[in-house]
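The values are calculated or read from the model by the stated rules, or taken from the named source; none is laboratory data. Nothing here was measured: the structure is a model prediction, and the numbers come from that model. Ideal geometry is used to build each Cβ from the backbone, glycine not excepted, and the neighbour counts take in all protein chains shown.
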Amino acid sequence: MPDLTPLQWTLAVLAAASMGISKGGLAGLGLLHVIIFAFLFGARESTGIVLPMLLVGDICAVTALHQHARWDYVRRMLPPACIGIVIGTWLMGRVSDAMFKPVIGWIILGLALLQLARLQRPHWFGGVPHNRVFAWGMGLLAGITTMLANAAGPIFALYALAVSLPKFEIVGTSAWFFFIINALKIPFSIALGLIHAQTLLLNLVLSPAIVAGVFGGRWIVHHVPQRVFDAFLLAFAAIAALRLIGVF
């Protein structure tokens, strides 16, 4: 068990709850836990701490929202995402956070701005979001990003918005997509030495906050209109991008 101060424990619980809320439907909020755990434990080491907790949230989300999943979109994104995980594993030992995070940040920010433009002028993009190349590009980026930083939530949210999925289908589809992806990442993280007995003990302590967050996020999604939901996802994706770039 890590030796944390009361303030650090408070931040860890807050991060775990935000993780659950993101799994419950507010995907953009998922970057909050990435930032907090990276601050507490370091960017690389925190990925192994976060991953099992993400699986706890995934299991809760799949249980609560499985009926809303669109499997055609899961199938489109999974193959490139799996390739991205392999690439991300290879990069983890070769590319520093200082080099990689700004690139991911600029990509997410660019996608958010393009989606905003698409919402204002739908005819600009035509059928591009439903193009196989677009799906593979987003899936590959999601796989690399989730392996390096557990930060693919905004990328999948932007893809789901681009193909005009309703909010409940966004939540249900992302729940299954990330459950599969995060389960696949476990062996890679163990091989890299990022998951071990001490990290699992911390996961066990923080799991109740994750479960509470999932059901809190589900309640919020049920009470937020579609347009507000879409704007919320775009705003948090942009904030996450600015954080990765290093603006704050």
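Counting only residues that are at pLDDT 90 or above and either of a type in the set (D, E, K, R) or over 18 Å from the mean Cα position of the chain (by Cα) (or both), region 177-195 holds 4 of them. As a summary of the residue check, residue 29 satisfies the conditions (1) in a helix (DSSP H, G or I); (2) modelled with pLDDT of 80 or more except for the one numbered (2). Candidates in region 61-73 are the residues that are surrounded by 19 or more Cβ atoms within 10 Å (Cβ to Cβ) and hydrophobic (A, V, I, L, M, F, W, C); of these, the one that is farthest from residue 156 (Cα to Cα) is 64. Going residue by residue through region 156-176, is there one that turns out to be surrounded by fewer than 21 Cβ atoms within 10 Å (Cβ to Cβ), of a type outside the set (D, E, K, R) and in contact with an Asp or Glu (Cβ under 8 Å, 6 or more places away or on another chain)? No: zero hits. Here region 163-192 is the region considered, the condition is being touching a residue at least 40 places away in the same chain (Cβ under 8 Å) and part of a loop (DSSP other than H, G, I, E, B), and the residue that is nearest to residue 45 (Cα to Cα) is 192.
Give region 66-98 a look and list any residue that's over 16 Å from residue 146 (Cα atoms), over 17 Å from the mean Cα position of the chain (by Cα) and not small (Gly, Ala, Ser), or say none.
Those that are over 16 Å from residue 146 (Cα atoms), over 17 Å from the mean Cα position of the chain (by Cα) and not small (Gly, Ala, Ser): 66, 67, 68, 70, 71, 72, 75, 76, 94.
Of all residues in region 130-143, those that are crowded, with 24+ Cβ neighbours inside 10 Å have Cβ atoms under 6 Å from Cβ atoms of residues that are assigned to a helix (DSSP H, G or I) and not β-branched (Val, Ile, Thr), 6 or more apart or on another chain, in 138/159; 139/77; 139/80; 139/81; 142/81; 142/156; 143/81; 143/84.
For region 39-47, check the following and say yes or no: at least one residue is surrounded by 24 or more Cβ atoms within 10 Å (Cβ to Cβ) and not β-branched (Val, Ile, Thr). No, the conditions are met nowhere in region 39-47.
Yes or no, residue by residue, for (1) without any contact (Cβ under 8 Å) to a residue 60 or more places away in the chain; (2) assigned to a helix (DSSP H, G or I); (3) acidic (Asp, Glu):
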position: 56; (1), (2), (3): no, yes, no
position: 62; (1), (2), (3): no, yes, no
position: 66; (1), (2), (3): no, yes, no
position: 79; (1), (2), (3): no, yes, no
position: 91; (1), (2), (3): yes, yes, no
position: 94; (1), (2), (3): yes, no, no
